[in-house]
Amino acid sequence: MIAAFPSAAPYRIDQVTEAPFLLAGLFLAQVLAALLIHLAAAYQRPRLWTGGVITLLALALVFFTLASWGNSDTTRFSHMMEWQPDQAPPEPLWRALRPLILLLPYRMAAVHGLVATGFAAAGILLAMAWRAWAWAGWWSLLICCSPLLRGFLQTAHSRQALATLLLLPLLLQAAGLVRLPGRWVGFSVLVSALSHNTFVWNLPLSLVPALPRLIAGFPAWLASRPPGAWRSLSWASVRARWPWLLMAISVVMLFVLVAPIALDRFQDYSQDAYFSGYPLRRIIGRLQRALFLGLVLACIQQRLDPRRLITCPLTQSLLLFGGLYAGIQLSVAHLWIPQITSRLADGVAFFLLILYLAWMDRYRAHWCLIPALYVTFQYWLEGRILPSGSLACGTNDEFLCLPDRWPWQVRY
């Protein structure tokens, strides 16, 4: 049985079907749930708002679980976790979760559904933290359905997506957007390190938003230090901060342990001829123009002074990540190690979207997200879901190819 399993894509050769109208119905139901959340917040109906949030997250879980069933990684790891455990995902987190994953319906497809639901929940939690209750559903869909995150959420790069999502608390803390308990931030960073070796590259990225604030505040902080302050450090003051020191030491140790693995993978990818040209597709350019249009509309509405914008740390962070993504596009276009840069595109895009939402909330320009929402919804419904009836389900590994049987009837 193991010898008969294909060693290269397409991995799935049966047990799949296409169902564009079912998927379209599930997607439109998510849009309606987001609209329900908006109306419930507008009319101050907290119970209805909570029901809409639960419905939206449940729909996202079902949608992405079914839609990711036909992907290569989903199929491969669902098979290997039972029949070839030594070839299953090597990261410690997935080794530990293997017995639980084998019990889940559709196995790794369900894992991917849970990860996608986590991305959807991130938008809702941010809307709650910033009291933008009416926009919780729209933010959720803008993240989990974004064309920018196709690798994470439509090609089922579940492990890398989860590792990046777990660094979101650190990004928010570094940007000063949300005040979170340090122990939870440290815990999410530690779990991220155990999830995927791209942690080595994503950890510095999640700390980038701290740079503008540090640079702006360093002279004032240095001037405020009294004479002899550096000599006043005592063992008691160090001991009082032992949880932070322990967390920092743990992160550094994990970074050191993961770095050699990441460097080996870096060398493997560098010698590989394959890379994704997706960042150069037309839909990405359309979405970038829609995001830029939203920024322009917000500046016009709030009559933002260019000097005020340039000195805003959040604007600077947004520009930094926008520049990073543009750099990735240039590297793919000009073949500057695109094997590496194309694999970092989704992580940079996710942090970019989070900072974009934060910027819109900072300047109270929520309605300026409408151009990006329009492009996202049109792309999904007209460009992805409805044409899925013509996919070669059963002869190729494809997103939006559903299982043709119940979980207990699947043969792995």
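The figures follow:
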read-out	value
Ordering of 61-70, 166-175 by packing [mean C-beta count within 10 Å, highest first]	61-70, 166-175
Residues HIS112, HIS38, sorted so that the one with the fewest Cβ neighbours within 10 Å comes first	HIS38, HIS112
Net charge of neighbours whose Cβ lies under 12 Å from the Cβ of TRP135, counting Lys and Arg as +1 and Asp and Glu as -1	+1
Residue-count net charge about CYS299 - beta-carbon cut-off 14 Å; Lys, Arg +1, Asp, Glu -1	+4
Burial ranking of peptide ranges 384-394, 95-105 (average Cβ count within 10 Å, highest at the top)	384-394, 95-105
Ranked packing of 120-126, 45-51, most packed first, by mean Cβ within 10 Å	120-126, 45-51
Extension gain from ILE300 to LEU103, taking 0.36 nm per residue of separation minus the Cα-Cα distance	65.6 nm
Extension gain, LEU293 back to LEU330 (0.36 nm per residue minus Cα-Cα distance, nm)	11.2 nm
Fewest-first sequence of MET128, MET80, MET108 by Cβ atoms within 10 Å of each Cβ	MET128, MET80, MET108
Under-5 Å amide H pairs with ARG45, H placed in peptide plane, nonlocal only	none
Residue-wise HN-Hα coupling along region 145-156, computed from phi with Karplus coefficients 6.51, -1.76, 1.60 (Hz; x: Gly, Pro)	10, 5, x, 5, 9, 4, x, 5, 10, 10, 9, 6
For THR17, residues with placed amide H under 5 Å, excluding near neighbours	LEU402, ASP404
Which of ILE328, ILE283 has the fewest Cβ neighbours within 10 Å, and the rest in rising order	ILE283, ILE328
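Computed from the coordinates by the stated procedures, all read-outs in this text should not be read as laboratory data. Note that the coordinates shown come from a computational prediction; the quantities given were computed from them, not determined experimentally. Heads up, the Cβs are rebuilt from the backbone with ideal geometry, glycines too, and the neighbour counts pull from every protein chain shown.
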